[in-house]
Amino acid sequence: MLSGILNTCSAKGSVTSAGYDIGGIVGIMYCSTAGSTYGRQYVYDCLAANNVTSTRAGTGGARLGGVIGYIWRYYNKDGETNPTDQYLAVDNCIGLNQTLSAGTCTNVGAFAGMITAGVATNYNRVRVRNNITLVEDGKFNATGASNVGGFVGSMPFGYMAHDYYVVSDHSQSFGGTGKTTTDNVTKSTSSTLTSAAFCTEHSTRATTYFLNVGDPAVKYASSGWEIPAGVSYPVPSTLAALGEDYYK
């Protein structure tokens with residue numbers, strides 16, 4: 001993605017690549033030069049229920065995530081001034097990936113491989129809020145990676161809120177010296193994240209999230225999601241029996 005909106009989509013099957021940026025929904029969200037056509041980007045209300053596999057044989061900083069491979073806002077290039085109109089946002093997405101196999105990727109996370117706003121002062125221009133990843137233990141293979149996280153592999157700069165993961169094989173840490181990041185990422189259990197109380201809270205929260213893209217008068221808002229009465233999230237092994245309507 002270089003600009004625009006992606007919402008209300010789901011992915012099943014498999015994503016397999018030898019490339020640098022691999023994700024279940026988006027490989028890379030990317031903003032670069034000031035004054036370019038690269039503009040605001042918003043991904044929301046999406047579900048990744050697929051296998052994501054890297055077949056990359058070489059090294060060189062590749063990234064793999066269950067939902068998004070790389071979220072990158074990079075402006076400080078060739079002496080440019082800071083473009084204030086460039087924002088990247090991911091809200092209200094779910095990772096139910098059946099397997100994640102990172103190969104030789106350097107940055108690997110169950111939700112995103114790497115997230116960065118470029119510099120600390122821009123941290124609030126890259127926002128990742130109200131997302132969940134429910135990859136099972138034993139289905140997350142990142143033995144060759146340098147930076148691995150239960151939610152995101154590496155996040156030098158950015159803003160997070162109300163993000164959850166259940167992978168206990170990997171802990172979660174962020175950034176380094178000088179970072180400006182809200183580290184609001186919670187390791188939980190699948191039973192907690194599929195409870196009626198949590199789903200109600202999550203849906204209510206999601207309806208308040210929005211981002212202007214293109215015409216400032218046009219506002220795109222994540223709609224929130226809800227679990228149908230009497231059911232809960234499936235574990236990945238049950239996904240094949242379910243249709244997309246289940247995830248509305």
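Give me the extension gain from Ser195 to Lys12: residue separation times 0.36 nm, minus the current Cα-Cα distance, reported in nm with one decimal.
63.5 nm
What order, most packed first, do the peptides 135-146, 91-102 have when packing is the mean number of other Cβ atoms within 10 Å of each residue?
Most protected by this proxy first, the peptides run 91-102, 135-146.
What is the distance, in nm, between label points placed 7 Å from the Cα along the Cα-to-Cβ direction at Ala161 and at Thr204?
Output for this residue pair reads 1.6 nm.
Only the coordinates and a few stated rules stand behind these numbers; no lab work does. It should be emphasised that the depicted structure is a prediction, and the values quoted were computed from it without experimental measurement. Glycine also receives a Cβ, built like all others from the backbone with ideal geometry; neighbour counts cover every protein chain displayed.
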